[in-house]
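Participant: Provided herewith is a single structure, encoded as structure tokens, for subsequent inquiry.
The values are calculated or read from the model by the stated rules, or taken from the named source; none is laboratory data. These numbers were taken from a predicted model, which means no experiment stands behind them. Cβ coordinates were reconstructed from backbone atoms using ideal geometry, including for glycine residues, and neighbour counts include every protein chain displayed. Remember, those area values only see protein heavy atoms, side chains included, never the ligands or the DNA or RNA. Shrake-Rupley method; radii C 1.70, N 1.55, O 1.52, S 1.80 Å.
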Amino acid sequence: MIQEIAPHKFDLTYGQPKAQDEDFVLFIKKSKTLLRKTAEENHEIPKFSDFPEDKKALKENAYYLFAIDGNHYYYVTEMPEHVSDAYELCPTAAYRKMHPMYQAFAGITATQIHRFKESRKYCGCCGHLMENSKTERALVCPECGQTEYPKISPAVIVAISDGDRLLMSRYRVNNNPYRGYALIAGFVEIGESFEETIHREVMEEVGLKVKNIRYYKSQPWSFTDTLLMGFFCELDGEDGITLDTDELAMAEWFERDKMPVEAEDLSLTNEMMMAFKHGKV
């Protein structure tokens, strides 16, 4: 999965180290990131040293994000207009194809922090301009003291089995840009446990009852500011599907050996489907 970058070490310890020439810099605008194009149709995160004429100003206004293997990553909100054609503003989808994987993880994690900072520029209590906390990853209102932390929304991914069959779905085009096969998923509501969310989401989206809920694994999914919790469960009762057409384009039972899905190294959803396909669960 995208966050599994071993042997590389991700360090989110908060601090304010001074930016150096060989540190990485991410200019993000409206969730698009300035990346350097490569000959292999890949993209790379640039360093301050890649902008020799502007590196001093960039470093002075850079916000420290995190480190990977001791290498620091920074975020900036301004970039000179004369950047060469070797760079382009890329949507978050670019990180689904970027290699090495640890750089893709760095880029999408930086984008999540960017969205948090952009959406909390002003205090929700008094309207004053927010400031960076000096002690933790947060924004603080200097007027009333209101503190805002990064947005992280808990959600469930649910793999429903019936013997050697697994329920797979596809999202509606207008609801989700992802076009591949998926599992039942949904956000946890206020006052719900994960188990209650599973029962509600499964009933809402496909009209089924489930039992024997088993936790599998979690994944931070910065594409949507989400912390995913993966669960396997079993069909409880009839297998007839009542599709929520506002959310899904289709939902269908697939035999284990006929599942139309191949392995990829990004998502918890794919890992869970492949685990079922190969009889590991």
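Participant: I'd like the full set of residues that are within 24 Å of the chain's Cα centre (by Cα) and closer than 13 Å to Leu167 by Cβ, limited to region 199-230.
Facilitator: Glu201, Val202, Glu205
Participant: For the condition in contact (Cβ under 8 Å) with a residue 60 or more places away in the chain and more than 24 Å from the chain's Cα centre (by Cα), what is the one hit in Gln3, Gln16, Gln20?
Facilitator: Selected residue: Gln16, the only one of Gln3, Gln16, Gln20 that is in contact (Cβ under 8 Å) with a residue 60 or more places away in the chain and more than 24 Å from the chain's Cα centre (by Cα).
Participant: If you check every pair at least six apart or on different chains, which have Cβ atoms under 7 Å apart with a residue in region 179-200 that is in contact (Cβ under 8 Å) with a residue 24 or more places away in the chain first and a residue that is surrounded by fewer than 19 Cβ atoms within 10 Å (Cβ to Cβ) and of a type in the set (Lys, Arg) second?
Facilitator: Tyr181/Arg170; Ala182/Arg170
Participant: If only one of Gln103, Gln20 is polar (S, T, N, Q) and buried (at least 19 other Cβ atoms within 10 Å of the Cβ), which one is it?
Facilitator: It is Gln103.
Participant: Name the residue, out of Trp221, Trp253, that is touching a strand residue (DSSP E or B) at 6+ places or on another chain (Cβ under 7 Å), closer than 30 Å to Ser31 by Cα and of a type outside the set (Gly, Ala, Ser).
Facilitator: Being touching a strand residue (DSSP E or B) at 6+ places or on another chain (Cβ under 7 Å), closer than 30 Å to Ser31 by Cα and of a type outside the set (Gly, Ala, Ser) holds for just one of Trp221, Trp253, which is Trp221.
Participant: Check Ser222 against each of (1) among the hydroxyl-bearing types (Ser, Thr, Tyr); (2) buried (at least 16 other Cβ atoms within 10 Å of the Cβ); (3) at pLDDT 95 or above and name the one condition it does not meet.
Facilitator: (3)
Participant: Right, next: Does Thr92 fit the bill of being without any contact (Cβ under 8 Å) to a residue 40 or more places away in the chain, open to solvent by 30 Å² or more (accessible area, probe 1.4 Å), more than 20 Å from Asp23 (Cβ to Cβ) and among the β-branched types (Val, Ile, Thr)?
Facilitator: No.
Participant: Kindly indicate the residue of region 150-176 that is at pLDDT 95 or above and assigned to a loop (DSSP other than H, G, I, E, B) and also nearest to Lys258 (Cα to Cα) among those meeting that condition.
Facilitator: Here the answer is Asp164.
Participant: Can you tell me which of Asn212, Asn132 is modelled with pLDDT of 95 or more, polar (S, T, N, Q) and surrounded by fewer than 19 Cβ atoms within 10 Å (Cβ to Cβ)?
Facilitator: Asn212
Participant: Could you tell me which of the residues Gly207, Gly230 is touching a residue at least 12 places away in the same chain (Cβ under 8 Å), farther than 17 Å from Ile152 by Cα and either surrounded by 14 or more Cβ atoms within 10 Å (Cβ to Cβ) or in contact with a strand residue (DSSP E or B) (Cβ under 7 Å, 6 or more places away or on another chain) (or both)?
Facilitator: Of the residues listed, the single one that is touching a residue at least 12 places away in the same chain (Cβ under 8 Å), farther than 17 Å from Ile152 by Cα and either surrounded by 14 or more Cβ atoms within 10 Å (Cβ to Cβ) or in contact with a strand residue (DSSP E or B) (Cβ under 7 Å, 6 or more places away or on another chain) (or both) is Gly207.
Participant: Can I ask one more? So in region 61-89, with the set limited to residues that are within 14 Å of Ile45 (Cα to Cα) and out of contact with any Phe, Trp or Tyr (no Cβ under 8 Å at 6 or more places or on another chain), which one is surrounded by the fewest Cβ atoms within 10 Å (Cβ to Cβ)?
Facilitator: Across region 61-89, the extreme among qualifying residues is Ala86.
Participant: Could you run through region 250-281 and say how many residues are charged (D, E, K, R), part of a strand (DSSP E or B) and surrounded by 13 or more Cβ atoms within 10 Å (Cβ to Cβ)?
Facilitator: Within region 250-281, residues that are charged (D, E, K, R), part of a strand (DSSP E or B) and surrounded by 13 or more Cβ atoms within 10 Å (Cβ to Cβ) number 1.
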